[in-house]
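Have a look at the structure that comes next, please.
The values are calculated or read from the model by the stated rules, or taken from the named source; none is laboratory data. Keep in mind the model is a prediction, meaning the values are calculated, not measured. As a convention, Cβ positions derive from the backbone with ideal geometry for all residues, glycine included, and neighbour counts pool all protein chains shown. Keep in mind that these areas ignore ligands, DNA and RNA; they rest on the heavy atoms of the full protein, side chains included. Shrake-Rupley method; radii C 1.70, N 1.55, O 1.52, S 1.80 Å.
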Amino acid sequence: MGENVGPVCQRCGMYDRLTRLRAMTLLTQGQMLSAVSSATGISPSLLQDWQERPESLARSRTSTCPRCSLVKSTVEPRSDYAYLLGLYLGDGCISRQPPESKGVWKLRIICADAWPGLLKECKRAMLAVRPGNSATGVQRQGCVEVVSYSKHWPCLFPQHGPGRKHERAIELESWQQEIVTNYPGDFARGLFHSDGCRLTNRIRRPLKDGDRWYEYPRYLFVNRSTDIHRLCGEALDRLGVAWRFSKPTTISVARREAVARLDEFVGPKY
Ligand SMILES: [Zn+2]
């Protein structure tokens, strides 16, 4: 006889909401721990913990993941998720934390010291998407790593995988595509905040009465993944922002009206 295992997320090992609800209902009906355990697949010791310390179950509720539940839902708030996805695809990574048996993952996004506003935004978006977890800044040379630990980061960013992003295919799942389609400005903001910049070009025009200098702002997005270029280009298209490749790795937004339009969503790093 195989062991009866309840619906549990393959990525993070959490029991879904319906399984937990079913277990608590059986327990409150007075069923034995062993019977509830074999009916749900949840270990008797975990059931006993929930029974004796209901706050531990409440805690597991705040750590509920919309992608692990039996009935899957989208990740909320969608605008914050779109921004965080842009940051993650631009310059983030997810790694398993020791000991592996705990199933905890670290999401890390690097923010340069020069942009404290970006650091704040990044932390805020992480906390909005995973309110049950914390987000902290770890000072490194010239930058701050914003890190957050959760069992669910791989559920929320299924693009996670071995190797560097430009060496593997990056494809969005349908629920992510739906968010990116609806929040292209937030997504582009995340991409440009992590892997892009808004800079001022100065060009010299020689005129009869001497040289004249012109300044104009432009955006650059520099990344080595052709899939991430495509996602960035699609978001810019949706926003009505004209763009082109200025180098094989660089998307450039330079036309005056395109820069003005992108300023509505991105703006300079601060
Ligand atoms: Zn999950």
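What do you reckon, is residue 207 touching a residue at least 12 places away in the same chain (Cβ under 8 Å) and farther than 24 Å from residue 270 by Cα?
Against the criterion (touching a residue at least 12 places away in the same chain (Cβ under 8 Å) and farther than 24 Å from residue 270 by Cα), residue 207 does not qualify.
Quick one: would you say residue 124 is within 16 Å of the ligand (Cβ to nearest atom), of a type in the set (Lys, Arg) and in contact (Cβ under 8 Å) with a residue 12 or more places away in the chain?
So residue 124 does not fit the description; no.
Another question, then. Return a yes/no flag: does region 237-248 have any residue that is loosely packed, with under 12 Cβ neighbours inside 10 Å and among the basic types (Lys, Arg).
Within region 237-248, one or more residues are loosely packed, with under 12 Cβ neighbours inside 10 Å and among the basic types (Lys, Arg).
Of these, 132, 137, 103, which one is within 16 Å of the ligand (Cβ to nearest atom) and in contact with a helix residue (DSSP H, G or I) (Cβ under 7 Å, 6 or more places away or on another chain)?
132
Collect the residues in region 158-173 that are over 26 Å from residue 78 (Cβ atoms) and either open to solvent by less than 20 Å² (accessible area, probe 1.4 Å) or outside any loop (DSSP other than H, G, I, E, B) (or both), keeping them in residue-number order.
Those that are over 26 Å from residue 78 (Cβ atoms) and either open to solvent by less than 20 Å² (accessible area, probe 1.4 Å) or outside any loop (DSSP other than H, G, I, E, B) (or both): 166, 167.
Okay, residues lined up against (1) open to solvent by less than 10 Å² (accessible area, probe 1.4 Å); (2) closer than 27 Å to residue 100 by Cβ:
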site: 128; (1), (2): no, no
site: 132; (1), (2): no, yes
site: 149; (1), (2): no, yes
site: 153; (1), (2): yes, yes
site: 156; (1), (2): yes, yes
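Could you check region 209-257 and list, in sequence order, the residues that are out of contact with any helix residue (DSSP H, G or I) (no Cβ under 8 Å at 6 or more places or on another chain) and of a type in the set (Gly, Ala, Ser)?
Of everything in region 209-257, those that are out of contact with any helix residue (DSSP H, G or I) (no Cβ under 8 Å at 6 or more places or on another chain) and of a type in the set (Gly, Ala, Ser) turn out to be 210, 233, 246, 252, 254.
Let me ask you something else. Which one of these is at pLDDT 95 or above and either within 16 Å of the ligand (Cβ to nearest atom) or not polar (S, T, N, Q) (or both): 159, 97, 176?
176
Table: residues versus (1) within 16 Å of the ligand (Cβ to nearest atom); (2) loosely packed, with under 12 Cβ neighbours inside 10 Å; (3) at pLDDT 85 or above.
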{"residue": "5", "(1), (2), (3)": "no, yes, no"}
{"residue": "16", "(1), (2), (3)": "yes, no, no"}
{"residue": "30", "(1), (2), (3)": "no, yes, yes"}
{"residue": "35", "(1), (2), (3)": "no, no, yes"}
{"residue": "52", "(1), (2), (3)": "no, yes, no"}
{"residue": "69", "(1), (2), (3)": "yes, no, no"}
{"residue": "77", "(1), (2), (3)": "no, no, yes"}
{"residue": "86", "(1), (2), (3)": "no, no, yes"}
{"residue": "89", "(1), (2), (3)": "no, no, yes"}
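Which residue, of 134, 101, 95, is more than 13 Å from the chain's Cα centre (by Cα) and under 22 Å from residue 166 (Cα atoms)?
Among 134, 101, 95, only 95 is more than 13 Å from the chain's Cα centre (by Cα) and under 22 Å from residue 166 (Cα atoms).
Something else now. Scan region 174-214 for residues that are in a strand (DSSP E or B), surrounded by 10 or more Cβ atoms within 10 Å (Cβ to Cβ) and among the charged types (D, E, K, R) and jot them down.
Residues satisfying the conditions are 198, 212.
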